[in-house]
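Worksheet: one structure, shown below.
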Amino acid sequence: MALIALMPGDGIGPEVIAEARRVLDALGLDLSFEEAAVGGAAYLTAAHPLPPESLDLAERADAVLFGAVGDPQFDGLERELRPEQAILGLRKKLGLFANLRPVRLFEGLEDASALKPEIARAIDLLIVRELTGDIYFGEHSRGRTHTGLRYGQDVMRYDETEIARIAHIGFTAAAGRRGRLLSVDKANVLETSAVWREVVNEVRRDFPEVALTHMYVDNAAMQLIRDPGQFDVILTGNLFGDILSDQASMCVGSIGMLPSAALDEDGKGLYEPIHGSAPDIAGQGKANPCAAILSAAMLLRHSLRLTAAADRIEAAVAAAIAGGARTADLGGTLSTSAMGDAVLAAL
Ligand code: NAD
Ligand code: IPM
Ligand code: MN
(Lines give C-alpha, C1' and ligand atoms only; values in the text may rest on other atoms or scores of the structure.)
(Ligands and ions follow the chains in the order given, each with its own letter.)
Protein backbone atom coordinates (compact mmCIF):
# COMPACT_ATOMS: atom_id res chain seq x y z
CA MET A 1 0.00 0.00 0.00
CA ALA A 2 1.41 3.39 -1.00
CA LEU A 3 1.61 6.12 1.62
CA ILE A 4 0.66 9.62 0.52
CA ALA A 5 1.61 12.54 2.74
CA LEU A 6 -1.04 15.25 2.68
CA MET A 7 0.20 18.75 3.47
CA PRO A 8 -2.71 21.15 2.99
CA GLY A 9 -0.96 24.25 4.39
CA ASP A 10 -2.57 27.69 4.45
CA GLY A 11 -5.36 29.71 2.85
CA ILE A 12 -7.07 27.79 0.05
CA GLY A 13 -4.56 24.92 0.45
CA PRO A 14 -6.87 22.85 2.72
CA GLU A 15 -9.90 23.64 0.53
CA VAL A 16 -8.35 22.38 -2.70
CA ILE A 17 -6.55 19.42 -1.12
CA ALA A 18 -9.87 18.21 0.34
CA GLU A 19 -11.24 17.95 -3.22
CA ALA A 20 -8.13 16.18 -4.49
CA ARG A 21 -8.48 13.70 -1.62
CA ARG A 22 -12.12 13.00 -2.52
CA VAL A 23 -11.10 12.26 -6.09
CA LEU A 24 -8.28 9.93 -4.96
CA ASP A 25 -10.65 8.14 -2.58
CA ALA A 26 -13.21 7.63 -5.33
CA LEU A 27 -10.70 5.69 -7.44
CA GLY A 28 -10.63 2.81 -4.97
CA LEU A 29 -6.85 2.47 -5.10
CA ASP A 30 -4.68 0.87 -2.43
CA LEU A 31 -3.57 4.13 -0.84
CA SER A 32 -3.08 5.28 2.73
CA PHE A 33 -2.89 8.90 3.82
CA GLU A 34 -1.15 10.74 6.64
CA GLU A 35 -1.49 14.46 7.15
CA ALA A 36 1.09 16.93 8.43
CA ALA A 37 1.06 20.64 9.17
CA VAL A 38 3.17 23.02 7.08
CA GLY A 39 3.42 26.77 6.61
CA GLY A 40 1.67 29.29 8.80
CA ALA A 41 -0.60 26.52 10.10
CA ALA A 42 2.48 24.70 11.41
CA TYR A 43 4.04 27.87 12.77
CA LEU A 44 0.95 28.40 14.93
CA THR A 45 1.03 24.92 16.45
CA ALA A 46 4.73 24.00 16.33
CA ALA A 47 6.48 27.39 16.06
CA HIS A 48 8.09 26.33 12.77
CA PRO A 49 6.80 26.27 9.16
CA LEU A 50 8.34 22.83 8.56
CA PRO A 51 8.34 20.93 11.87
CA PRO A 52 10.55 17.81 12.10
CA GLU A 53 7.48 15.48 12.11
CA SER A 54 6.33 16.99 8.81
CA LEU A 55 9.73 16.61 7.19
CA ASP A 56 9.91 13.06 8.54
CA LEU A 57 6.52 12.21 7.02
CA ALA A 58 7.60 13.65 3.67
CA GLU A 59 10.70 11.44 3.78
CA ARG A 60 8.75 8.30 4.76
CA ALA A 61 5.91 8.74 2.30
CA ASP A 62 5.91 7.43 -1.26
CA ALA A 63 4.78 10.86 -2.42
CA VAL A 64 3.64 14.22 -1.04
CA LEU A 65 0.49 16.07 -2.05
CA PHE A 66 0.98 19.68 -1.04
CA GLY A 67 -1.59 22.50 -1.01
CA ALA A 68 -0.08 25.96 -0.57
CA VAL A 69 1.67 27.99 2.10
CA GLY A 70 1.74 31.69 2.85
CA ASP A 71 -0.27 34.02 5.01
CA PRO A 72 -0.01 37.80 5.19
CA GLN A 73 -0.16 37.66 8.99
CA PHE A 74 3.31 36.08 8.94
CA ASP A 75 4.91 38.38 6.36
CA GLY A 76 6.71 40.23 9.16
CA LEU A 77 8.45 37.16 10.57
CA GLU A 78 12.15 36.63 9.99
CA ARG A 79 12.61 34.82 6.70
CA GLU A 80 13.54 31.44 8.24
CA LEU A 81 10.16 31.27 10.01
CA ARG A 82 7.94 32.44 7.19
CA PRO A 83 5.40 29.94 5.81
CA GLU A 84 7.10 29.82 2.39
CA GLN A 85 10.13 28.18 4.02
CA ALA A 86 8.04 25.00 4.30
CA ILE A 87 7.94 24.48 0.55
CA LEU A 88 11.46 25.80 -0.03
CA GLY A 89 12.75 23.55 2.77
CA LEU A 90 10.97 20.45 1.41
CA ARG A 91 12.32 21.07 -2.08
CA LYS A 92 15.87 21.50 -0.84
CA LYS A 93 15.90 18.79 1.83
CA LEU A 94 14.28 16.18 -0.40
CA GLY A 95 16.44 17.16 -3.40
CA LEU A 96 13.39 17.91 -5.56
CA PHE A 97 15.34 19.68 -8.29
CA ALA A 98 13.09 18.95 -11.27
CA ASN A 99 9.84 20.88 -11.47
CA LEU A 100 7.42 19.85 -14.21
CA ARG A 101 4.64 22.32 -14.96
CA PRO A 102 2.46 21.14 -17.86
CA VAL A 103 0.31 23.79 -19.53
CA ARG A 104 -2.53 22.86 -21.83
CA LEU A 105 -5.86 24.36 -22.73
CA PHE A 106 -8.85 22.28 -21.69
CA GLU A 107 -11.48 22.36 -24.41
CA GLY A 108 -14.09 24.93 -23.52
CA LEU A 109 -11.75 27.24 -21.63
CA GLU A 110 -10.93 29.37 -24.69
CA ASP A 111 -13.11 32.13 -23.27
CA ALA A 112 -11.35 32.10 -19.91
CA SER A 113 -7.93 32.50 -21.52
CA ALA A 114 -6.50 36.00 -21.66
CA LEU A 115 -5.57 35.25 -25.29
CA LYS A 116 -7.62 35.06 -28.46
CA PRO A 117 -9.27 31.60 -28.74
CA GLU A 118 -7.30 30.53 -31.83
CA ILE A 119 -4.01 31.40 -30.11
CA ALA A 120 -5.00 29.76 -26.82
CA ARG A 121 -6.18 26.57 -28.52
CA ALA A 122 -2.66 25.82 -29.79
CA ILE A 123 -1.12 25.66 -26.29
CA ASP A 124 0.34 22.36 -25.18
CA LEU A 125 3.66 22.93 -23.48
CA LEU A 126 5.70 21.77 -20.53
CA ILE A 127 7.79 24.05 -18.37
CA VAL A 128 10.79 22.23 -16.88
CA ARG A 129 11.93 24.49 -14.08
CA GLU A 130 15.07 23.91 -11.97
CA LEU A 131 13.89 24.00 -8.37
CA THR A 132 16.74 23.78 -5.85
CA GLY A 133 19.26 26.34 -7.07
CA ASP A 134 19.52 29.81 -8.61
CA ILE A 135 18.94 33.06 -6.75
CA TYR A 136 16.43 31.26 -4.50
CA PHE A 137 19.19 29.33 -2.76
CA GLY A 138 22.21 31.61 -3.15
CA GLU A 139 23.35 33.66 -0.19
CA HIS A 140 20.76 36.20 0.99
CA SER A 141 21.83 39.17 3.04
CA ARG A 142 21.02 42.70 3.96
CA GLY A 143 23.12 45.41 5.49
CA ARG A 144 24.26 48.99 5.28
CA THR A 145 26.68 50.51 2.84
CA HIS A 146 29.61 52.51 4.23
CA THR A 147 27.50 55.63 3.73
CA GLY A 148 24.70 54.10 5.81
CA LEU A 149 22.29 53.14 3.02
CA ARG A 150 20.26 49.96 3.51
CA TYR A 151 20.88 47.28 0.88
CA GLY A 152 19.60 43.80 0.16
CA GLN A 153 21.57 41.21 -1.76
CA ASP A 154 20.74 37.77 -3.19
CA VAL A 155 23.27 35.70 -5.06
CA MET A 156 22.27 34.08 -8.36
CA ARG A 157 24.38 31.00 -9.00
CA TYR A 158 24.32 27.66 -10.81
CA ASP A 159 27.14 25.18 -11.10
CA GLU A 160 27.45 22.88 -14.10
CA THR A 161 26.18 19.73 -12.38
CA GLU A 162 22.96 21.47 -11.37
CA ILE A 163 22.46 22.69 -14.92
CA ALA A 164 23.35 19.38 -16.57
CA ARG A 165 20.92 17.31 -14.51
CA ILE A 166 17.93 19.57 -15.17
CA ALA A 167 18.95 19.83 -18.83
CA HIS A 168 18.80 16.01 -19.02
CA ILE A 169 15.26 16.14 -17.67
CA GLY A 170 14.34 18.78 -20.24
CA PHE A 171 15.85 16.90 -23.21
CA THR A 172 14.30 13.61 -22.08
CA ALA A 173 10.89 15.27 -21.77
CA ALA A 174 11.24 16.83 -25.22
CA ALA A 175 12.30 13.51 -26.74
CA GLY A 176 9.07 11.98 -25.40
CA ARG A 177 6.93 14.82 -26.78
CA ARG A 178 7.29 16.81 -30.01
CA GLY A 179 11.09 16.82 -29.92
CA ARG A 180 11.63 20.53 -29.34
CA LEU A 181 13.44 22.06 -26.38
CA LEU A 182 13.67 25.78 -25.75
CA SER A 183 16.16 26.86 -23.11
CA VAL A 184 15.28 30.21 -21.58
CA ASP A 185 17.94 32.38 -19.96
CA LYS A 186 19.35 35.90 -19.78
CA ALA A 187 22.77 35.09 -21.22
CA ASN A 188 23.11 38.54 -22.75
CA VAL A 189 23.49 39.99 -19.25
CA LEU A 190 24.07 37.29 -16.63
CA GLU A 191 27.13 35.05 -16.15
CA THR A 192 24.87 32.46 -14.48
CA SER A 193 22.96 32.28 -17.76
CA ALA A 194 26.13 32.17 -19.89
CA VAL A 195 27.24 29.03 -18.03
CA TRP A 196 23.67 27.69 -18.24
CA ARG A 197 23.67 28.06 -22.04
CA GLU A 198 27.13 26.50 -22.38
CA VAL A 199 26.16 23.42 -20.35
CA VAL A 200 22.79 22.99 -22.08
CA ASN A 201 24.65 23.00 -25.42
CA GLU A 202 26.96 20.29 -24.10
CA VAL A 203 24.09 18.08 -22.89
CA ARG A 204 22.46 18.39 -26.32
CA ARG A 205 25.13 16.01 -27.73
CA ASP A 206 23.39 13.15 -25.87
CA PHE A 207 20.08 14.00 -27.53
CA PRO A 208 20.66 14.39 -31.27
CA GLU A 209 16.95 13.77 -31.93
CA VAL A 210 15.90 16.89 -30.00
CA ALA A 211 15.91 20.31 -31.67
CA LEU A 212 17.36 22.80 -29.19
CA THR A 213 16.93 26.56 -29.34
CA HIS A 214 17.72 29.34 -26.88
CA MET A 215 15.74 32.44 -26.04
CA TYR A 216 16.20 35.35 -23.66
CA VAL A 217 13.61 35.40 -20.91
CA ASP A 218 12.15 38.79 -21.83
CA ASN A 219 11.49 37.60 -25.38
CA ALA A 220 10.10 34.31 -24.01
CA ALA A 221 7.59 36.25 -21.90
CA MET A 222 6.50 38.12 -25.00
CA GLN A 223 6.35 35.01 -27.23
CA LEU A 224 4.25 33.21 -24.61
CA ILE A 225 1.53 35.77 -25.28
CA ARG A 226 2.14 36.28 -29.00
CA ASP A 227 2.34 32.64 -30.13
CA PRO A 228 2.46 30.07 -27.30
CA GLY A 229 1.72 27.26 -29.76
CA GLN A 230 5.37 27.44 -30.87
CA PHE A 231 6.54 25.91 -27.56
CA ASP A 232 6.96 22.24 -26.73
CA VAL A 233 9.28 22.00 -23.71
CA ILE A 234 10.63 25.12 -22.02
CA LEU A 235 13.73 24.52 -19.89
CA THR A 236 14.66 27.25 -17.46
CA GLY A 237 16.02 28.18 -14.05
CA ASN A 238 14.20 28.57 -10.78
CA LEU A 239 13.35 32.28 -10.91
CA PHE A 240 12.44 32.57 -14.59
CA GLY A 241 10.40 29.36 -14.38
CA ASP A 242 8.42 30.69 -11.44
CA ILE A 243 7.44 33.82 -13.33
CA LEU A 244 6.80 32.24 -16.74
CA SER A 245 4.57 29.53 -15.27
CA ASP A 246 2.21 32.00 -13.60
CA GLN A 247 2.06 33.87 -16.90
CA ALA A 248 1.41 30.67 -18.86
CA SER A 249 -1.47 29.82 -16.53
CA MET A 250 -3.51 32.79 -17.72
CA CYS A 251 -2.95 31.72 -21.31
CA VAL A 252 -5.03 28.61 -20.56
CA GLY A 253 -7.68 30.19 -18.37
CA SER A 254 -6.58 30.38 -14.76
CA ILE A 255 -3.78 29.79 -12.31
CA GLY A 256 -6.31 27.46 -10.67
CA MET A 257 -5.80 24.97 -13.52
CA LEU A 258 -2.04 24.28 -13.39
CA PRO A 259 -0.61 21.32 -11.47
CA SER A 260 3.05 20.56 -10.91
CA ALA A 261 5.46 17.81 -9.93
CA ALA A 262 8.73 18.35 -8.08
CA LEU A 263 10.95 15.29 -8.52
CA ASP A 264 14.26 14.08 -7.10
CA GLU A 265 16.93 11.98 -8.86
CA ASP A 266 14.96 8.76 -8.23
CA GLY A 267 11.53 10.04 -9.20
CA LYS A 268 10.31 10.59 -5.64
CA GLY A 269 7.99 13.53 -5.78
CA LEU A 270 6.04 16.32 -4.23
CA TYR A 271 2.95 17.44 -6.13
CA GLU A 272 1.27 20.81 -5.80
CA PRO A 273 -0.77 23.36 -7.69
CA ILE A 274 1.43 26.16 -9.01
CA HIS A 275 -0.76 28.73 -7.25
CA GLY A 276 -0.36 30.01 -3.71
CA SER A 277 -2.63 30.26 -0.70
CA ALA A 278 -4.77 33.00 -2.30
CA PRO A 279 -5.52 34.91 0.92
CA ASP A 280 -7.97 37.13 -0.98
CA ILE A 281 -10.42 34.25 -1.50
CA ALA A 282 -9.44 31.84 1.30
CA GLY A 283 -12.22 30.39 3.43
CA GLN A 284 -14.95 31.40 0.98
CA GLY A 285 -15.30 28.21 -1.05
CA LYS A 286 -14.30 30.09 -4.20
CA ALA A 287 -11.02 28.38 -5.06
CA ASN A 288 -10.70 26.28 -8.17
CA PRO A 289 -9.60 22.79 -7.03
CA CYS A 290 -8.61 21.58 -10.52
CA ALA A 291 -4.90 22.38 -10.12
CA ALA A 292 -4.82 20.30 -6.93
CA ILE A 293 -6.87 17.49 -8.49
CA LEU A 294 -4.57 17.44 -11.54
CA SER A 295 -1.58 17.42 -9.18
CA ALA A 296 -2.99 14.25 -7.63
CA ALA A 297 -3.13 12.79 -11.15
CA MET A 298 0.54 13.70 -11.68
CA LEU A 299 1.34 11.98 -8.37
CA LEU A 300 -0.30 8.75 -9.51
CA ARG A 301 1.48 8.94 -12.86
CA HIS A 302 5.00 9.86 -11.78
CA SER A 303 5.45 8.43 -8.29
CA LEU A 304 3.08 5.44 -8.23
CA ARG A 305 3.13 4.51 -11.94
CA LEU A 306 -0.68 4.27 -11.89
CA THR A 307 -1.07 5.55 -15.43
CA ALA A 308 -4.65 4.44 -15.99
CA ALA A 309 -5.86 6.08 -12.78
CA ALA A 310 -4.02 9.30 -13.67
CA ASP A 311 -5.62 9.26 -17.12
CA ARG A 312 -9.05 8.82 -15.51
CA ILE A 313 -8.61 11.89 -13.33
CA GLU A 314 -7.42 14.04 -16.21
CA ALA A 315 -10.27 12.84 -18.41
CA ALA A 316 -12.76 13.59 -15.62
CA VAL A 317 -11.49 17.15 -15.25
CA ALA A 318 -11.67 17.60 -19.02
CA ALA A 319 -15.22 16.20 -19.09
CA ALA A 320 -16.37 18.40 -16.20
CA ILE A 321 -14.97 21.47 -17.93
CA ALA A 322 -16.43 20.44 -21.29
CA GLY A 323 -19.78 20.01 -19.52
CA GLY A 324 -19.64 23.63 -18.39
CA ALA A 325 -18.43 23.28 -14.80
CA ARG A 326 -16.70 26.54 -13.85
CA THR A 327 -15.50 28.16 -10.64
CA ALA A 328 -15.40 31.96 -10.43
CA ASP A 329 -11.84 32.26 -11.77
CA LEU A 330 -13.11 30.57 -14.95
CA GLY A 331 -16.11 32.89 -15.18
CA GLY A 332 -18.55 30.51 -13.49
CA THR A 333 -20.44 30.26 -10.23
CA LEU A 334 -19.50 26.86 -8.79
CA SER A 335 -18.01 26.60 -5.32
CA THR A 336 -14.83 24.65 -4.66
CA SER A 337 -16.76 21.57 -3.50
CA ALA A 338 -19.32 21.82 -6.33
CA MET A 339 -16.43 21.80 -8.79
CA GLY A 340 -15.11 18.73 -6.97
CA ASP A 341 -18.59 17.18 -7.32
CA ALA A 342 -18.54 17.84 -11.07
CA VAL A 343 -15.18 16.08 -11.43
CA LEU A 344 -16.40 13.16 -9.28
CA ALA A 345 -19.56 12.88 -11.37
CA ALA A 346 -17.46 12.74 -14.55
CA LEU A 347 -15.25 10.09 -12.97
P1 NAD B 1 -1.61 33.27 -5.31
O2 NAD B 1 -1.29 32.27 -6.37
O3 NAD B 1 -1.93 32.76 -3.98
O4 NAD B 1 -2.84 34.16 -5.81
C5 NAD B 1 -2.76 35.00 -6.95
C6 NAD B 1 -4.17 35.33 -7.45
O7 NAD B 1 -4.71 34.16 -8.06
C8 NAD B 1 -5.13 35.71 -6.33
O9 NAD B 1 -6.02 36.69 -6.80
C10 NAD B 1 -5.88 34.42 -6.06
O11 NAD B 1 -7.18 34.60 -5.54
C12 NAD B 1 -5.90 33.75 -7.42
N13 NAD B 1 -5.89 32.28 -7.28
C14 NAD B 1 -4.82 31.52 -6.93
N15 NAD B 1 -5.17 30.22 -6.88
C16 NAD B 1 -6.47 30.16 -7.22
C17 NAD B 1 -7.41 29.09 -7.35
N18 NAD B 1 -7.07 27.81 -7.11
N19 NAD B 1 -8.67 29.39 -7.70
C20 NAD B 1 -9.03 30.66 -7.95
N21 NAD B 1 -8.19 31.72 -7.85
C22 NAD B 1 -6.93 31.47 -7.49
O23 NAD B 1 -0.38 34.28 -5.27
P24 NAD B 1 -0.08 35.51 -4.26
O25 NAD B 1 -1.34 36.21 -3.94
O26 NAD B 1 1.03 36.24 -4.88
O27 NAD B 1 0.49 34.82 -2.96
C28 NAD B 1 -0.29 34.51 -1.81
C29 NAD B 1 0.55 33.73 -0.82
O30 NAD B 1 0.83 32.43 -1.36
C31 NAD B 1 1.91 34.35 -0.53
O32 NAD B 1 2.18 34.16 0.83
C33 NAD B 1 2.87 33.55 -1.40
O34 NAD B 1 4.17 33.53 -0.88
C35 NAD B 1 2.24 32.19 -1.34
N36 NAD B 1 2.55 31.28 -2.45
C37 NAD B 1 2.73 29.97 -2.11
C38 NAD B 1 2.94 29.01 -3.10
C39 NAD B 1 3.15 27.60 -2.71
O40 NAD B 1 2.82 27.22 -1.60
N41 NAD B 1 3.69 26.75 -3.56
C42 NAD B 1 2.92 29.42 -4.44
C43 NAD B 1 2.72 30.76 -4.74
C44 NAD B 1 2.53 31.69 -3.75
C1 IPM C 1 5.76 28.50 -6.59
C2 IPM C 1 5.80 29.55 -5.51
C3 IPM C 1 7.04 29.41 -4.65
C4 IPM C 1 8.23 29.68 -5.56
C5 IPM C 1 7.11 30.31 -3.40
C6 IPM C 1 5.92 30.16 -2.53
C7 IPM C 1 8.36 30.04 -2.61
O8 IPM C 1 5.67 30.82 -6.06
O9 IPM C 1 5.84 27.31 -6.26
O10 IPM C 1 5.62 28.84 -7.75
O11 IPM C 1 8.61 30.85 -5.77
O12 IPM C 1 8.80 28.71 -6.04
MN1 MN D 1 5.17 30.80 -8.17
**Study point:** Pick from the stretch 225-243, criterion assigned to a helix (DSSP H, G or I) and away from ligand 3 (no atom under 15 Å from the Cβ), ranking: surrounded by the most Cβ atoms within 10 Å (Cβ to Cβ)
**Key:** Pro228
Check your understanding: For the stretch 242-258, what are the residues that are within 11 Å of ligand 1 (Cβ to nearest atom) and in contact (Cβ under 8 Å) with a residue 60 or more places away in the chain?
Key -> Asp242, Ser245, Ser249, Met250, Gly253, Ser254, Ile255, Gly256, Met257, Leu258
Exercise for review: Hey, could you check the stretch 274-297 for residues that are within 14 Å of ligand 2 (Cβ to nearest atom), of a type outside the set (S, T, N, Q) and under 16 Å from the mean Cα position of the chain (by Cα) and say which is surrounded by the most Cβ atoms within 10 Å (Cβ to Cβ)?
Suggested key: Ala292
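How many residues does the stretch 244-258 hold that are under 26 Å from Val155 (Cβ atoms) and either assigned to a loop (DSSP other than H, G, I, E, B) or near ligand 2 (Cβ under 9 Å from one of its atoms) (or both)?
As a first pass, look at the stretch 244-258 and keep what is under 26 Å from Val155 (Cβ atoms): 244-247.
Still in the list and also either assigned to a loop (DSSP other than H, G, I, E, B) or near ligand 2 (Cβ under 9 Å from one of its atoms) (or both): 245-246.
Counting residues in the stretch 244-258 that are under 26 Å from Val155 (Cβ atoms) and either assigned to a loop (DSSP other than H, G, I, E, B) or near ligand 2 (Cβ under 9 Å from one of its atoms) (or both) gives 2.
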Check your understanding: Conditions: (1) more than 22 Å from the chain's Cα centre (by Cα); (2) more than 16 Å from ligand 1 (Cβ to nearest atom); (3) farther than 18 Å from Leu244 by Cα. Glu107 meets all but one. Number of the miss?
Key -> (1)
Check your understanding: Residues of the stretch 73-86 being touching a Pro at 6+ places or on another chain (Cβ under 8 Å), within 13 Å of ligand 2 (Cβ to nearest atom) and part of a helix (DSSP H, G or I), which ones?
Key -> Phe74, Glu84, Gln85, Ala86
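Which one is nearest to ligand 3 (Cβ to nearest atom), of the residues in the stretch 269-290 that are touching a Leu at 6+ places or on another chain (Cβ under 8 Å) and under 19 Å from Val38 (Cα atoms)?
Keep residues of the stretch 269-290 that are touching a Leu at 6+ places or on another chain (Cβ under 8 Å), which gives 269-275, 288.
Right, trim to under 19 Å from Val38 (Cα atoms) and you get 269-275.
Details: Gly269: 18, Leu270: 14, Tyr271: 15, Glu272: 10, Pro273: 10, Ile274: 6, His275: 8 Å.
So the residue we want is Ile274.
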Practice item. Return yes when Leu299 is assigned by TED's automatic domain parsing to the domain that holds Arg21, assigned to a helix (DSSP H, G or I) and touching a residue at least 24 places away in the same chain (Cβ under 8 Å) and no when it is not. Key: yes
Check your understanding: Given the conditions (1) within 16 Å of ligand 3 (Cβ to nearest atom); (2) in a loop (DSSP other than H, G, I, E, B); (3) surrounded by 22 or more Cβ atoms within 10 Å (Cβ to Cβ), which single one is not true for Ala261?
Key -> (2)
Point to revise | Counted residues, the stretch 304-347 - those being part of a helix (DSSP H, G or I), touching a residue at least 40 places away in the same chain (Cβ under 8 Å) and under 30 Å from Lys268 (Cβ atoms) | key: 11
Practice item. Please tell me if Ala26 is touching a Leu at 6+ places or on another chain (Cβ under 7 Å) and touching a residue at least 60 places away in the same chain (Cβ under 8 Å). Key: yes
Check your understanding: Given the residues Asp10, Asp62, Asp56, which is the only one that is more than 20 Å from the chain's Cα centre (by Cα) and either open to solvent by less than 30 Å² (accessible area, probe 1.4 Å) or more than 16 Å from ligand 3 (Cβ to nearest atom) (or both)?
Key -> Asp56
Check your understanding: So how many residues does the stretch 23-41 have that are more than 16 Å from ligand 1 (Cβ to nearest atom), out of contact with any strand residue (DSSP E or B) (no Cβ under 7 Å at 6 or more places or on another chain) and part of a helix (DSSP H, G or I)?
Key -> 2
**Study point:** Residue match in the stretch 106-120 (condition: part of a helix (DSSP H, G or I), without any contact (Cβ under 8 Å) to a residue 12 or more places away in the chain and not β-branched (Val, Ile, Thr))
**Key:** yes
**Study point:** Subset of the stretch 12-60 that is small (Gly, Ala, Ser) and farther than 19 Å from Arg91 by Cβ - its residue that is farthest from ligand 2 (Cβ to nearest atom)
**Key:** Gly28
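Every residue in the stretch 215-241 that is among the polar types (S, T, N, Q) and more than 16 Å from ligand 1 (Cβ to nearest atom), please. Working first, answer last.
Initially, the stretch 215-241 is screened for residues among the polar types (S, T, N, Q), giving 219, 223, 230, 236, 238.
If the condition is that a residue be among the polar types (S, T, N, Q) and more than 16 Å from ligand 1 (Cβ to nearest atom), then Asn219, Gln223, Gln230, Thr236 are the ones that fit.
The values are calculated or read from the model by the stated rules, or taken from the named source; none is laboratory data. Just so we're clear, the structure is a prediction, and the values are computed from it rather than from any experiment. Note: ideal-geometry Cβ built from the backbone for every residue, glycine included; neighbour counts use all protein chains shown. All accessible areas refer to the heavy atoms of the entire protein, side chains included, with ligands and DNA or RNA removed. Shrake-Rupley method; radii C 1.70, N 1.55, O 1.52, S 1.80 Å.
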